[in-house]
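Please read the structure below before turning to the comments.
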Amino acid sequence: MKQSFISASLLAVVLVTSLGSCRKTYLPSTAIDENSALSNAGDIETATIGTYALFKNEGYVRSGHFLMEYPSDEIAQGQNSSDDLTRAYRYTHLVTSSHPQLFWSQAYKAAGAANRIIEVIPDNATPDLLQLKGENLFIRAMMHFNLVRIFGRPYSQGSGLDAGVPILKDGLTEEEKLTVPRSTVKEVYEFVITDLLRAAEFMTQPKSNSFASREVAYALLSRVYLYMEDDAKAIEYANLVIGNDIPGTAATGRYQLLQGAEYSNYFRNAPDGNKETIFCIRHIKTEDRGYSAIGSMYFSGDASGNAQNQAFSGWGEIYASEKYVNFLKQQPGDRRLSFISSYTVNGVQQMNTKLTPNTPMHYINKYSLQEGIVNLSSPVYIRLAELYLNRAEANAKLGNTAAALEDVNLIRSRAGVAPYTEADLTVMNKSILDIVLEERWLELAFEGHRVYDLFRNNRSMIRNYPGSHVVGGNVNQTIPAADNRVIFYIPQSEIDKNPALSQNP
């Protein structure tokens with residue numbers, strides 16, 4: 001059968017990949033063969049576990065991270081790299097770039113796997129089967145939402161009328177899958193919302209934070225509505241999760257902001273039972289990706305988190321930007337400094353001499369050191385702090401300054417820094433939206449939010465610090481929100497397969 005960009009493959013066979021290095025990673029086989037009949041509940045549950053496994057693949061989790069995080073102003077590439085990730089960082093996109101192709105292929109593979117399960121479970125099935133149908137609806141929604149963020153313009157820029165991505169719905173024939181055109185951004189968002197609402201209706205069972213649940217669907221709905229500028233709906237679904245007021249569940253007290261040392265070690269502990277994490281892509285100890293892990297680009301040190309001890313556990317080529325670090329250090333007691341491991345020797349900050357001007361090497365450890373394993377992490381996709389900040393942003397746009405400040409100050413208090421007053425806004429000559437976006441930057445750094453927070457709010461990406469993006473010694477790269485480069489090209493290999501696909505300008 002001809003391979004399509006929306007192949008419904010459910011195979012999670014052992015894959016050998018080499019992304020940017022000669023080291024190899026072996027991914028586990030956790031799914032049934034796609035030709036096997038989904039004839040009983042056991043098969044369907046096994047297949048669902050396989051669907052989750054598909055987005056553990058490096059083509060999704062690693063390449064997706066590069067595309068969503070590397071164009072931001074909170075990181076700096078410290079040296080030239082032969083890996084195509086450099087193009088994502090520098091905004092020098094090509095139609096043949098590898099990471100967009102890998103992400104596109106793997107995201108649609110996961111959506112296609114979800115479809116096989118959605119198709120065989122009727123809406124009047126038993127609660128156990130409906131739970132599995134809901135989980136697959138969530139996965140399909142998440143795949144489409146991330147695809148349209150990467151390959152489609154922000155909803156706010158054209159009222160959703162710009163070209164989005166193809167919608168892989170269930171019930172398509174193999175021939176139809178080969179000619180699905182791009183839907184508009186608005187149509188993709190509507191598809192995502194419908195899936196999430198149905199998913200929430202079907203999911204009634206408590207699940208750990210590495211599986212979908214009604215709470216997870218509501219949390220993602222808050223983000224989707226915020227991106228659509230439906231602020232009332234963004235607040236509504238944030239409230240349901242924050243208030244642990246999920247109809248049909250026993251969610252009381254499930255989610256809480258971590259405090260003190262627990263917060264400082266947020267990303268180093270096993271995610272199971274973490275009260276702040278709503279959904280993560282769980283990696284267990286046997287799934288350490290080594291030099292192919294996200295964290296290998298950010299950190300090189302030992303398992304204690306000591307960047308001074310150069311154990312050469314990773315590439316350590318992507319740093320926290322001087323812009324971000326300097327802003328964070330305005331509050332010396334900020335607990336979020338614990339997510340930065342500055343490379344020092346005998347207490348002396350080490351400089352990267354490959355950049356002009358030379359710049360301090362600030363490693364990022366949000367994707368390292370889980371359970372004492374240097375490159376192990378379970379990337380967090382949604383956590384409670386984001387829900388507070390979603391609500392704050394929506395309230396800021398609705399003119400509810402006091403409510404927005406209350407949520408911002410809750411996050412600031414947890415970080416150990418002083419709260420803002422409305423009078424402070426006047427002194428700083430900043431709007432409440434300015435304050436909310438700054439707090440989102442500080443709190444959610446390196447988690448794939450910054451690019452979308454700026455561009456969907458029609459704000460430029462300003463990189464006025466050293467990095468490999470510097471051209472001719474000019475330490476200032478500005479990407480306006482309307483620039484064509486804020487989204488990636490549709491992979492040319494997919495256009496070659498599907499003539500109905502149009503290319504981004």
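The values are calculated or read from the model by the stated rules, or taken from the named source; none is laboratory data. Every value quoted in this text rests on a predicted model; they were computed, and no experiment measured them. Cβ: placed from backbone, ideal geometry, glycine included. Neighbour counts: every protein chain shown. Please note that ligands, DNA and RNA were not included when accessible areas were found on the heavy atoms of the full protein model with its side chains. Shrake-Rupley method; radii C 1.70, N 1.55, O 1.52, S 1.80 Å.
Among residues of segment 140-170 being open to solvent by 30 Å² or more (accessible area, probe 1.4 Å) and either modelled with pLDDT under 95 or among the polar types (S, T, N, Q) (or both), the one that is farthest from the chain's Cα centre (by Cα) is Ser159. One residue stands out in segment 317-360 among those that are of a type in the set (A, V, I, L, M, F, W, C) and more than 27 Å from the chain's Cα centre (by Cα): the one that is surrounded by the fewest Cβ atoms within 10 Å (Cβ to Cβ), namely Val348.
The single condition from (1) over 30 Å from Arg391 (Cβ atoms); (2) under 24 Å from the mean Cα position of the chain (by Cα) that Arg450 fails is (1).
Please pick out the residue among Tyr381, Tyr324, Tyr343, Tyr388 that is at pLDDT below 95 and either hydroxyl-bearing (Ser, Thr, Tyr) or touching a His at 6+ places or on another chain (Cβ under 8 Å) (or both). Working first, answer last.
Working: Tyr381 fails: at pLDDT below 95; Tyr324 fails: at pLDDT below 95; Tyr388 fails: at pLDDT below 95.
Residue meeting the stated conditions: Tyr343.
Cβ-Cβ distances below 6 Å connect the following pairs, each with a first residue in segment 56-69 that is at pLDDT below 95, a second residue that is open to solvent by less than 10 Å² (accessible area, probe 1.4 Å), and a separation of six or more residues or different chains: Glu58/Ser292.
The residue pairs whose first member lies in segment 114-141 and is over 21 Å from Leu172 (Cβ atoms), whose second member is polar (S, T, N, Q) and open to solvent by 10 Å² or more (accessible area, probe 1.4 Å), and whose beta carbons are closer than 8 Å, counting only pairs six or more residues apart or on different chains, are Pro127/Thr204; Pro127/Gln205; Asp128/Gln205; Leu130/Thr204; Gln131/Thr204; Gln131/Gln205. Kindly evaluate Ala212 against the criterion of being of a type in the set (Gly, Ala, Ser), part of a loop (DSSP other than H, G, I, E, B) and open to solvent by less than 10 Å² (accessible area, probe 1.4 Å). Against the criterion (of a type in the set (Gly, Ala, Ser), part of a loop (DSSP other than H, G, I, E, B) and open to solvent by less than 10 Å² (accessible area, probe 1.4 Å)), Ala212 qualifies.
If you check Gln205 against the conditions, is it part of a loop (DSSP other than H, G, I, E, B) and under 22 Å from Leu444 (Cβ atoms)? Judged against the criteria, Gln205 is not a match. Taking segment 268-291 as the range and being of a type in the set (A, V, I, L, M, F, W, C) and at pLDDT below 95 as the test, the residues that pass are Ala270, Ile284. Applying the condition of being open to solvent by less than 20 Å² (accessible area, probe 1.4 Å) and assigned to a loop (DSSP other than H, G, I, E, B) to segment 366-378 and asking which residue is farthest from Asn274 (Cα to Cα) yields Asn375.
Given the structure, is Ala396 over 19 Å from the mean Cα position of the chain (by Cα), open to solvent by less than 10 Å² (accessible area, probe 1.4 Å) and free of Cβ contacts under 8 Å to residues at least 60 places away in the same chain? Full working, then the answer.
Numbers: over 19 Å from the mean Cα position of the chain (by Cα): yes; open to solvent by less than 10 Å² (accessible area, probe 1.4 Å): no; free of Cβ contacts under 8 Å to residues at least 60 places away in the same chain: yes.
So Ala396 fails the test.
Given Leu196, Leu168, Leu161, which one is in contact with a Gly (Cβ under 9 Å, 6 or more places away or on another chain) and closer than 18 Å to Val224 by Cβ?
Values: Leu196 fails: in contact with a Gly (Cβ under 9 Å, 6 or more places away or on another chain); Leu161 fails: in contact with a Gly (Cβ under 9 Å, 6 or more places away or on another chain).
Testing whether each residue is in contact with a Gly (Cβ under 9 Å, 6 or more places away or on another chain) and closer than 18 Å to Val224 by Cβ leaves just Leu168.
Of all residues in segment 465-479, which are surrounded by fewer than 17 Cβ atoms within 10 Å (Cβ to Cβ) and in contact with a Ser or Thr (Cβ under 9 Å, 6 or more places away or on another chain)? Full working, then the answer.
Taking segment 465-479 and keeping what is surrounded by fewer than 17 Cβ atoms within 10 Å (Cβ to Cβ), we get 471-474, 476, 478.
Within segment 465-479, Gly473, Thr478 qualify.
Of the residues Arg412, Arg391, Arg459, which single one is part of a loop (DSSP other than H, G, I, E, B) and under 28 Å from Ser156 (Cβ atoms)?
Numbers: Arg412 fails: part of a loop (DSSP other than H, G, I, E, B); Arg391 fails: part of a loop (DSSP other than H, G, I, E, B).
Selected residue: Arg459, the only one of Arg412, Arg391, Arg459 that is part of a loop (DSSP other than H, G, I, E, B) and under 28 Å from Ser156 (Cβ atoms).
Pairing residues of segment 462-483 that are without any contact (Cβ under 8 Å) to a residue 60 or more places away in the chain and more than 21 Å from Asp83 (Cβ to Cβ) with residues that are polar (S, T, N, Q) and open to solvent by 40 Å² or more (accessible area, probe 1.4 Å), at Cβ distances under 7 Å and at least 6 apart in sequence or on separate chains, gives Asn476/Asn464; Thr478/Ser460; Pro480/Ser460. Inclusion of Ser493 among residues that are of a type outside the set (Val, Ile, Thr), under 19 Å from Leu94 (Cα atoms) and open to solvent by 30 Å² or more (accessible area, probe 1.4 Å) is warranted.
Within segment 467-486, is even one residue in a helix (DSSP H, G or I) and hydrophobic (A, V, I, L, M, F, W, C)? I'd like the intermediate steps shown before the answer.
Taking segment 467-486 and keeping what is in a helix (DSSP H, G or I), we get 484-486.
Remaining after also requiring hydrophobic (A, V, I, L, M, F, W, C): 486.
Checked against the condition, which is being in a helix (DSSP H, G or I) and hydrophobic (A, V, I, L, M, F, W, C), segment 467-486 yields at least one hit.
Scoring Leu437 on the criteria (1) at pLDDT 95 or above; (2) surrounded by fewer than 20 Cβ atoms within 10 Å (Cβ to Cβ) leaves a single failure, condition (2).
Within segment 106-139, the set of residues being part of a helix (DSSP H, G or I), among the acidic types (Asp, Glu) and either open to solvent by 20 Å² or more (accessible area, probe 1.4 Å) or farther than 13 Å from Ile44 by Cα (or both) comprises Glu119, Asp128.
Within this structure, Ala404 passes the test of being outside any strand (DSSP E or B), without any contact (Cβ under 8 Å) to a residue 60 or more places away in the chain and crowded, with 21+ Cβ neighbours inside 10 Å. Here Thr426 fulfils each of the conditions (1) open to solvent by less than 10 Å² (accessible area, probe 1.4 Å); (2) not in a loop (DSSP other than H, G, I, E, B) apart from (1).
Kindly establish whether Ala53 is on the phi < 0 side of the Ramachandran plot, surrounded by fewer than 22 Cβ atoms within 10 Å (Cβ to Cβ) and not basic (Lys, Arg). Yes; evaluated as a whole, the condition is true for this residue. When you go through Pro419, Pro499 one by one, which is the residue that is of a type outside the set (Asp, Glu), over 30 Å from Leu161 (Cβ atoms), open to solvent by 60 Å² or more (accessible area, probe 1.4 Å) and part of a loop (DSSP other than H, G, I, E, B)? Pro419 is the lone residue from the list that is of a type outside the set (Asp, Glu), over 30 Å from Leu161 (Cβ atoms), open to solvent by 60 Å² or more (accessible area, probe 1.4 Å) and part of a loop (DSSP other than H, G, I, E, B).
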